[in-house]
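All remarks here apply to the structure that follows.
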Amino acid sequence: MSLSETDFDYVRTLVKERSAIVLEPSKTYLVDSRLTPIVRKLNLGSISDLVARMRSERFGEVHRTVIEAMTTNETSFFRDVHPFEAFRTKIVPELMAARASERALTIWCGACSSGQEPYTIAMLLRDSFPELGNWRVQILATDLSTEILDRAKRGVFSQLEVNRGLPAAMLVRHFTRQGLEWQVSEALRNMITFRELNLIEAWPGMPRVDVVFMRNVLIYFDIPTKKDILAKVRQLMRPDGYLFLGGAETTMNLDDAFERVQLDKTGCYRLREAAERRPGYATA
Ligand SMILES: C[S@@+](CC[C@H](N)C(=O)[O-])C[C@H]1O[C@@H](n2cnc3c(N)ncnc32)[C@H](O)[C@@H]1O
């Protein structure tokens, strides 16, 4: 289906206003390929009809479906490996020592997609830190897309998805086969709270967090939006907490309150002011 400039502009503005995702003019093919299935599902003739329908209705289900279709949900278990290695070997032991009296840890995945990231964290905690069994451990997993969150909550993954990054031993330990698919154990699902949260709106009811995974989402936003979100992350993070971004993302030139620290083969971010007061302070 071909897309007119005005229809593209309508979609681009809608998506930018509601999700902050920036669609460059070179992305018309993407709009075309992502909206064509919606056109068919709604029995419309063209993307132009879809846009006309959205223009004529108040913001609702169709608009939401279009916005969600324009999000990129690419993810995998243990994506990039090294952040999870640093989380397991350095960060969790350090935070367990720091939180020994309160016995509570809160981890937030701020754009969790279909759930591979929070399930990876849950598996690591369960396998490597049995002593956390009598702590209050909260893994909060949020995303803009309700459709993808439903998938994440169900915790059912295809063979292809479990083949990408999930060690065989973990597959056996935490999943059961269901026909051609794999179901995550109830124990893991119970460790995670899935919730809808649009990063560009208010974040009501969010707890203070020890570790934030906000990976591969800022990349879709413009600079003012990235700055706003990082400022909000900063408010939520405990002073000695950690922030992970995606490999192509950084706080540099966006928010000076963060500093990059190197942990073995991965970089992550901490709050600068708090770090300067820590013994043995050193940055990457
Ligand atoms: C590429 S995935 C990243 C998944 C995972 N963090 C990872 O690194 O594998 C990006 C996710 O960001 C979500 N997203 C996009 N815009 C968002 C927004 N404004 N608020 C919350 N989530 C958003 C999308 O729905 C999508 O699931």
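The values are calculated or read from the model by the stated rules, or taken from the named source; none is laboratory data. As the structure is a prediction and not an experimental result, all values here were calculated from the model. Glycine also receives a Cβ, built like all others from the backbone with ideal geometry; neighbour counts cover every protein chain displayed.
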Apart from one, (1) more than 15 Å from the ligand (Cβ to nearest atom); (2) loosely packed, with under 14 Cβ neighbours inside 10 Å; (3) farther than 22 Å from Asp150 by Cα all hold for Pro224; the odd one out is (1)
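Within the range 184-195, identify whether any single residue is of a type outside the set (Gly, Ala, Ser), assigned by TED's automatic domain parsing to the domain that holds Gly133 and at pLDDT below 95, and answer yes or no. Walk me through it before giving the result.
Taking the range 184-195 first, the residues of a type outside the set (Gly, Ala, Ser) are 184, 186, 188-195.
This time we only want the ones that are assigned by TED's automatic domain parsing to the domain that holds Gly133, so: 184, 186, 188-195.
Checking which are at pLDDT below 95 leaves us with none.
No.
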Can you give me the ranges of the strands (runs of 3 or more DSSP E) entirely in the range 150-255 with at least 3 residues that are free of Cβ contacts under 8 Å to residues at least 40 places away in the same chain?
175-178, 181-184, 237-245
Failed criterion for Asn43 (all others in (1) outside any helix (DSSP H, G or I); (2) in contact (Cβ under 8 Å) with a residue 40 or more places away in the chain hold)
(2)
In the range 77-102, what residues are buried (at least 19 other Cβ atoms within 10 Å of the Cβ) and more than 15 Å from Arg238 (Cα to Cα)?
Phe77, Phe78, Arg79, Pro83, Phe84, Ala86, Phe87
Can you pull out every residue in the range 103-115 that is of a type outside the set (D, E, K, R), assigned to a loop (DSSP other than H, G, I, E, B) and surrounded by fewer than 16 Cβ atoms within 10 Å (Cβ to Cβ)?
none
